[in-house]
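Q: Got a structure for you, written out below as structure tokens; questions coming shortly.
The values are calculated or read from the model by the stated rules, or taken from the named source; none is laboratory data. The structure presented is a predicted model; accordingly, all values stated were derived computationally and were not measured. With ideal geometry, Cβ positions are generated from the backbone for all residues, glycine too; neighbour counts draw on all protein chains shown. Just the protein is used for accessible areas: all its heavy atoms, side chains included, with ligands, DNA and RNA removed. Shrake-Rupley method; radii C 1.70, N 1.55, O 1.52, S 1.80 Å.
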Amino acid sequence: MALERTFSIIKPDATTRNLTGKINAKFEEAGLRIVAQKRIQMTKAQAGKFYEVHAERPFYDELCEFMASAPVVVQVLEGEGAIAKNREVMGATNPADAAPGTIRAEFAQSVGENSVHGSDAPETAAIEIAYFFSGLELVG
Ligand code: ADP
């Protein structure tokens, strides 16, 4: 399997409950290396651009409000098959469906406030990394 990079966000429900360290421990235990990381506060417009693909979904406005409601930690994770591995460690979107031991099973509060974002494919990972990080900030 190839060495990959994926984009991750620790969402406001998790940063406000001081779960950044516990979530990062899950990534590191799974063999994902945090090669870039910063804590930022997004505007609703910035969150809206990030989640543009969901613009027609009924939860879009609520999602953008939530993502701008408190700081988030944006990250680049690197590892063998990092995109799929991260999705596995995150668990299903709805915490009620998330496998035991996953981040969402342990920490998420609802289908919307579900603690983490992770890219779903190489193309989206590249776009999402470039939205938040310059090449100089990626330190493998
Ligand atoms: P994932 O984050 O698992 O890739 P999606 O791409 O389907 O999931 O959705 C993006 C985000 O939108 C979710 O992580 C969640 O925060 C929010 N979301 C998805 N479905 C709902 C819903 N039914 N109600 C409220 N928020 C939702």
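Q: From Ala99, Ala121, Ala105, Ala84, which residue is open to solvent by less than 60 Å² (accessible area, probe 1.4 Å), within 14 Å of the chain's Cα centre (by Cα) and more than 10 Å from the ligand (Cβ to nearest atom)?
A: Criteria check complete, one pass: Ala121.
Q: In region 108-118, which residues are open to solvent by less than 20 Å² (accessible area, probe 1.4 Å) and β-branched (Val, Ile, Thr)?
A: Once the filter is applied, which keeps residues that are open to solvent by less than 20 Å² (accessible area, probe 1.4 Å) and β-branched (Val, Ile, Thr), region 108-118 yields only Val116.
Q: Only one residue in Phe59, Phe7 is under 12 Å from the mean Cα position of the chain (by Cα), of a type outside the set (A, V, I, L, M) and open to solvent by less than 90 Å² (accessible area, probe 1.4 Å), so which one is that? If you could, list the steps in order and put the result at the bottom.
A: Numbers: Phe59 fails: under 12 Å from the mean Cα position of the chain (by Cα).
Unique residue meeting the criteria: Phe7.
Q: Looking at region 39-56, which of the residues that are over 21 Å from Ala108 (Cα atoms) and of a type outside the set (A, V, I, L, M, F, W, C) is least open to solvent (accessible area, probe 1.4 Å)?
A: Gly48
Q: May I ask you to list pairs of residues, at least six apart or on different chains, whose Cβ atoms are under 7 Å apart, with the first in region 1-21 being part of a loop (DSSP other than H, G, I, E, B) and the second being of a type in the set (A, V, I, L, M) and modelled with pLDDT of 95 or more?
A: Listed by first residue and then by second, the contacts come to Lys11/Met67; Lys11/Val72; Lys11/Val116; Thr16/Ala70.
Q: Taking the criterion of being at positive phi and within 12 Å of the ligand (Cβ to nearest atom), would at least one residue in region 6-19 satisfy it?
A: Checked region 6-19: no residue is at positive phi and within 12 Å of the ligand (Cβ to nearest atom).
Q: Right, next: Report yes if some residue within region 125-139 is open to solvent by 70 Å² or more (accessible area, probe 1.4 Å), among the β-branched types (Val, Ile, Thr) and either more than 10 Å from the ligand (Cβ to nearest atom) or without any contact (Cβ under 8 Å) to a residue 12 or more places away in the chain (or both); otherwise report no.
A: yes
Q: I've got another one for you. Working only within region 69-81, note down all residues that are within 13 Å of the ligand (Cβ to nearest atom) and either surrounded by fewer than 18 Cβ atoms within 10 Å (Cβ to Cβ) or modelled with pLDDT under 95 (or both).
A: Ser69
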